[in-house]
Amino acid sequence: YGQCEMFHDRARSTMGIAMENPAFKEYFSLPETRAGNRYDSNHHLILTPEQQVLQGRLDNWTYALQKRFPIVETCLIDATGQEHTRTTHRHKAPLADMSPDEGEASFFKPTFQLPPGEVYLAEPYMSVDAKEWVFAYTSPVVLDDGSKPAFYHFEIPLAFFKQFMMQNSPEAGETSKALQKKDPLSDRFIILTAQGLIVIDNHRETNFSLKPGKGADEPALLQDYLPKIDTLSDHPDFL
């Protein structure tokens with residue numbers, strides 16, 4: 001449990017460091033940003049030269065963050081659901097690829113309800129761009145007048161969470177063959193979802209990447225990727 005809390009505390013701390021960059025406030029304090037989003041005939045976001053300069057500063061900031069922590073994607077999303085910048089695996093998305101409808105994300109409304117400096121942790125989901133299961137961490141951009149025009153968002157792979165948890169597990173460093181010879185329920189730690197799906201099992205491998213043949217725009221369900229607890233043992237006392 002301590003390892004789990006340590007992981008999320010590190011991620012929240014990284015978000016706190018990120019939000020200290022004054023470029024967030026500067027970008028959303030620009031008169032042209034306050035005036036609302038402008039689009040071309042293809043409904044692609046248009047930025048002024050001043051906005052592009054600040055966007056570049058934020059992109060450089062994102063690159064630095066992604067070197068510090070295993071962040072696979074970072075986005076800046078305004079209150080209409082429009083992305084203003086997105087970097088996936090250190091590759092910046094062009095304006096033509098910026099999504100205008102991020103308002104449907106599960107973390108959208110909860111994030112705007114947060115006080116300044118707080119971080120929202122969303123349940124795991126399949127990242128459309130990173131193509132793997134991730135945790136999302138989000139925090140609002142708060143201007144000096146108290147308004148919240150946007151939020152910053154980054155994704156950390158569920159696979160890295162498992163790797164972090166396994167580093168200090170009782171079985172760290174042992175081979176899978178040696179593990180198989182043991183009692184399957186001994187020296188074991190398991191992290192479950194509320195629905196009884198096994199997120200972490202130090203005796204079992206899990207592939208958190210998008211399955212081959214699946215489209216990135218297809219709904220991905222955790223139960224299609226994670227085993228149920230009753231596959232470990234269906235004994236009533238255990239369950």
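Which one of 104, 20, 73 has the biggest mean-square fluctuation once the chain is modelled by GNM with Cα springs under 10 Å?
Per the Cα network of the chain with a 10 Å cutoff, 104 tops the list.
Among rounded, prolate and oblate, which fits the range 54-99 when a ≥ b ≥ c are the square roots of the eigenvalues of its C-alpha gyration tensor, a/c under 1.5 means rounded, and a/b larger than b/c means prolate?
It comes out prolate by the Cα gyration axes.
Most mobile of 59, 144, 129 per a Gaussian network model of the chain (Cα springs, under 10 Å)?
Result for the chain, Cα springs under 10 Å: 144 fluctuates most.
Which percent of the accessible area of the chain is formed by carbon and sulfur heavy atoms (probe 1.4 angstrom)?
Answer for the chain: carbon and sulfur cover 51 percent of the accessible area.
Let me know the shape class of the chain, please: from the alpha-carbon gyration tensor, a ≥ b ≥ c as square roots of the eigenvalues, rounded when a/c is under 1.5, otherwise prolate if a/b is greater than b/c, or oblate.
The shape class here is prolate.
Could you tally the net charge around residue 72, taking each other residue with its Cβ under 15 Å from the Cβ of residue 72, Lys/Arg +1 and Asp/Glu -1?
Overall, the nearby charge balance is +3.
For the chain, modelled as a Gaussian network with Cα springs under 10 Å, which listed residue fluctuates most, 11, 64, 159?
64
Using a 1.4 angstrom probe and counting only protein chains, how large is the accessible area of residue 125 in Å², to 10?
50
Given points 7 Å out from each Cα along the Cα-Cβ axis, report the residue 64 to residue 143 separation in nanometres with one decimal.
Each label point lies 7 Å from its Cα, and together they span 2.5 nm.
Students sometimes get this wrong: rank 133, 61 by accessible area, probe 1.4 Å, all chains present, largest first.
61, 133
Along Cα→Cβ, 7 Å out, is where each label goes; now give me the distance between the ones at residue 53 and residue 25 in nm to one decimal.
Distance between the two pseudo-spin positions: 1.9 nm.
Show 121, 232 ordered by accessible area, largest first, where the area counts protein heavy atoms only and the probe is 1.4 Å.
Ranked list, largest accessible area first: 121, 232.
Just how much of residue 211 is accessible, in Å², when a 1.4 Å probe is used and the result is rounded to the nearest 10?
Accessible surface of residue 211 is approximately 80 Å².
What is the gain in length, in nm to one decimal, between residue 118 and residue 39 on full extension, counting 0.36 nm per residue of separation less the C-alpha to C-alpha distance?
Full extension from residue 118 to residue 39 adds 25.3 nm.
Could you give the alpha-carbon Rg of the range 1-121 over 2.2 N^0.38 Å, rounded to two decimals?
Cα-based Rg divided by the globular estimate yields 1.11.
The values are calculated or read from the model by the stated rules, or taken from the named source; none is laboratory data. Every value quoted in this text rests on a predicted model; they were computed, and no experiment measured them. Note: ideal-geometry Cβ built from the backbone for every residue, glycine included; neighbour counts use all protein chains shown. Ligands, DNA and RNA are stripped out before the accessible areas are found, and what is left, the full protein with its side chains, is counted by its heavy atoms. Shrake-Rupley method; radii C 1.70, N 1.55, O 1.52, S 1.80 Å.
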